[in-house]
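Structure record follows, encoded as structure tokens.
The values are calculated or read from the model by the stated rules, or taken from the named source; none is laboratory data. As the structure is a computational prediction, the values presented were derived from the model and not from experiment. Heads up, the Cβs are rebuilt from the backbone with ideal geometry, glycines too, and the neighbour counts pull from every protein chain shown.
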Amino acid sequence: MSLRGSTQRNIKSPLPDKLLSHCLTARGLAFLPSAIVRQECRTSYLSLRRCMLLLMLVALLTACRSSRHADHVDYRQLARAAIKLGFDVEPDDNHQLMIESASWIGTPYQYGGNTRRGTDCSGMVSAIYKQVYQKALHRSSEDIYKHDCHHISQHALKQGDLVFFATSSSKKVSHVGIYLKDGRFIHASTSRGVIVSGLDEDYYRKRWVKGGRVK
């Protein structure tokens with residue numbers, strides 16, 4: 001079995017110590033005091049990718065206990081968030097934003113909704129902003145764009161900034177998401193519900209309007 005193949009499906013027996021040690025060494029993590037996570041990987045039938053994420057997060061959070069986030073977040077939450085979002089969560093990332101965003105993944109689209117039972121784009125953005133930043137935003141994407149933000153370029157985007165698109169024929173702002181990192185943003189798609197997409201995807205590249213930094 002290739003390493004790539006092993007990351008695409010769950011291992012049906014406990015992860016062998018030899019394989020785990022080999023992967024730790026390859027990742028430069030052999031020094032870790034990670035007996036607890038090793039035991040969890042061996043007994044929980046986790047996929048190799050999930051075990052690696054857990055172990056890497058233990059390394060990061062052990063080395064960076066002085067981080068503004070590390071003392072307040074369970075690394076297991078970060079590992080689950082990273083898997084759901086589809087990218088690694090680093091020590092300097094906004095952990096609360098990542099965990100809260102991940103908790104919305106898979107929520108179905110519902111016009112006028114703002115809960116995990118169903119949400120539209122501005123409803124999700126407003127709910128996340130209230131939870132993470134304790135800021136109240138307007139309810140429509142157009143009003144958020146007009147009243148709540150300083151407009152910024154795509155190159156200036158930072159974690160937590162908003163991204164605006166014109167998805168209708170009127171060319172007015174009609175869609176909003178939250179920028180996460182590395183060109184990716186979370187939003188509520190009318191067809192797929194809450195997902196993470198890339199700004200370089202053809203659909204969003206053509207409909208890009210501006211970024212927004214909330215006042």
Restricted to the stretch 182-201 and to residues being in contact with a Lys or Arg (Cβ under 9 Å, 6 or more places away or on another chain) and without any contact (Cβ under 8 Å) to a residue 40 or more places away in the chain, the residue farthest from residue 101 (Cα to Cα) is 198
Counting only residues in the stretch 90-104 that are without any contact (Cβ under 8 Å) to a residue 40 or more places away in the chain and under 8 Å from the mean Cα position of the chain (by Cα), the one farthest from residue 135 (Cα to Cα) is identified as 102
Determine if the stretch 59-82 includes at least one residue that is touching a Pro at 6+ places or on another chain (Cβ under 7 Å), farther than 20 Å from residue 162 by Cβ, modelled with pLDDT of 95 or more and surrounded by 15 or more Cβ atoms within 10 Å (Cβ to Cβ).
no
In the stretch 129-144, anything crowded, with 20+ Cβ neighbours inside 10 Å and farther than 11 Å from residue 214 by Cβ is listed as 141
Taking the stretch 130-166 and keeping only residues that are closer than 12 Å to residue 177 by Cβ, in contact with a helix residue (DSSP H, G or I) (Cβ under 9 Å, 6 or more places away or on another chain) and outside any strand (DSSP E or B), one is left with 141, 144, 160
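State the number of residues belonging to the stretch 70-91 that are outside any helix (DSSP H, G or I) and over 15 Å from residue 186 (Cβ atoms).
5
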Would you call residue 187 modelled with pLDDT of 95 or more and over 13 Å from residue 210 (Cα atoms)? yes
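Given the criterion touching a strand residue (DSSP E or B) at 6+ places or on another chain (Cβ under 6 Å) and among the small types (Gly, Ala, Ser), identify the matching residue among 136, 127, 102.
127
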When the stretch 92-115 is checked residue by residue, the ones that are surrounded by 18 or more Cβ atoms within 10 Å (Cβ to Cβ), hydroxyl-bearing (Ser, Thr, Tyr) and not in a helix (DSSP H, G or I) are 107, 109
